[in-house]
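The values are calculated or read from the model by the stated rules, or taken from the named source; none is laboratory data. Just so you know, these numbers come straight off a predicted model, no measurement behind them. With ideal geometry, Cβ positions are generated from the backbone for all residues, glycine too; neighbour counts draw on all protein chains shown.
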Amino acid sequence: MQRIGVLGGTFDPIHYGHLAIAAEVHWALGLTTVYLVPAAHQPLKDTQPRASAQQRLEMVRRACADNAALVASDIELHRPPPSYTVDTLTDLRQQLGVQAELWFILGADALNSLPRWHRIGDLLHVARLVAVKRPGTAPDREALEQTVPGLRDRLVLLEGPNLEISSSLLRERIAAGRPVRYQLPDSVLAYIQQQQLYGSSAATSE
Ligand code: ATP
Ligand code: MG
């Protein structure tokens, strides 16, 4: 049986926190493949990604290149906006068939916004959720289960590697000229420098 994981995100840029939770869930749930899905620009949101959708996809591609279990997916970049997770998972469910297990992977910080997600009830029918703990966030499972009907049987919470890395901090560090090496793959860092993303200069070596 196919067991598929989907890790959605802005990936602005992708880092080892993302890759480590993908690896953890892959191992813990015995997944066949984990798709990493960069989100399109959201026209109605006031904070937009700094890198373009194509640049974020390229960074995700580079980050997944050395692991056959991790696959970069452009599924959200082909649909007209706004891009909702429930639509992505419904598309995937149609491609995979009813037999496949489908898991949406998220960090515990993202879990707290679950009650506000578009058509969360439908999402929980199409896929199960696996939330991985993240430093600085304490998910309140009890409270969430009371606010989101159907969540109780569809959510697995994992401890995870607890890496304290975030894209926003990496962007800040890059802009300030501080080193970010060892927090994201070298191939991603090389691309950031080549494209001069986040205020980096090609001269920055690490
Ligand atoms: P930003 O700081 O810009 O919000 P981010 O590091 O949170 O970036 P996202 O692209 O927003 O990265 O995250 C995509 C998904 O990965 C989310 O579900 C988020 O909770 C999860 N995630 C990101 N970093 C970590 C981490 N270090 N540990 C656990 N989960 C993480
Ligand atoms: Mg985030």
Within the stretch 80-183, which helices (runs of 4 or more DSSP H) (wholly inside it) include 2 or more residues that are of a type in the set (S, T, N, Q) and within 25 Å of Thr33 (Cα to Cα)? 85-96
In the stretch 5-18, what residues are assigned to a helix (DSSP H, G or I), surrounded by 23 or more Cβ atoms within 10 Å (Cβ to Cβ) and more than 12 Å from ligand 2 (Cβ to nearest atom)? none
What residue, of Leu123, Leu129, Leu163, is closer than 25 Å to Val60 by Cβ and touching a Lys or Arg at 6+ places or on another chain (Cβ under 7 Å)? Leu129
Failed item, numbered, when Arg181 is tested on (1) surrounded by 19 or more Cβ atoms within 10 Å (Cβ to Cβ); (2) among the charged types (D, E, K, R); (3) away from ligand 1 (no atom under 16 Å from the Cβ): (1)
Given the criterion away from ligand 2 (no atom under 16 Å from the Cβ), surrounded by 14 or more Cβ atoms within 10 Å (Cβ to Cβ), acidic (Asp, Glu) and under 17 Å from the mean Cα position of the chain (by Cα), identify the matching residue among Asp74, Asp109, Asp91. Asp74
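If I filter the stretch 10-51 down to residues being touching a His at 6+ places or on another chain (Cβ under 8 Å) and at pLDDT 95 or above, which single residue comes out as nearest to Ser200 (Cα to Cα)?
That would be Phe11.
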When you scan the stretch 117-132, do you find a residue that is within 16 Å of ligand 2 (Cβ to nearest atom), of a type outside the set (A, V, I, L, M, F, W, C) and either surrounded by 13 or more Cβ atoms within 10 Å (Cβ to Cβ) or more than 16 Å from the chain's Cα centre (by Cα) (or both), even just one? no
In the stretch 140-155, what residues are within 24 Å of Gly30 (Cα to Cα) and either within 14 Å of ligand 1 (Cβ to nearest atom) or small (Gly, Ala, Ser) (or both)? Gly150, Leu155
Report whether or not Gln2 is more than 19 Å from Leu189 (Cα to Cα), surrounded by fewer than 15 Cβ atoms within 10 Å (Cβ to Cβ), within 16 Å of ligand 2 (Cβ to nearest atom) and of a type in the set (S, T, N, Q). no
Flag for Glu172 being more than 10 Å from ligand 1 (Cβ to nearest atom), among the charged types (D, E, K, R) and touching a helix residue (DSSP H, G or I) at 6+ places or on another chain (Cβ under 9 Å): no
Can you find a residue that is more than 18 Å from Trp117 (Cβ to Cβ) and of a type in the set (Gly, Ala, Ser) anywhere in the stretch 42-51? yes
Residues satisfying the stated conditions in the stretch 167-177, i.e. within 13 Å of ligand 2 (Cβ to nearest atom) and either without any contact (Cβ under 8 Å) to a residue 60 or more places away in the chain or surrounded by fewer than 18 Cβ atoms within 10 Å (Cβ to Cβ) (or both): Ser168, Leu169
Counting only residues that are part of a loop (DSSP other than H, G, I, E, B) and of a type in the set (A, V, I, L, M), which one in the stretch 19-44 is surrounded by the most Cβ atoms within 10 Å (Cβ to Cβ)? Ala39
Going residue by residue through the stretch 67-79, is there one that turns out to be within 14 Å of ligand 1 (Cβ to nearest atom), farther than 26 Å from Leu189 by Cα and in contact (Cβ under 8 Å) with a residue 24 or more places away in the chain? no
Suppose we keep only residues that are exposed (fewer than 15 other Cβ atoms within 10 Å of the Cβ) and not charged (D, E, K, R) within the stretch 136-146. Which one would you say is farthest from ligand 2 (Cβ to nearest atom)? Gln146
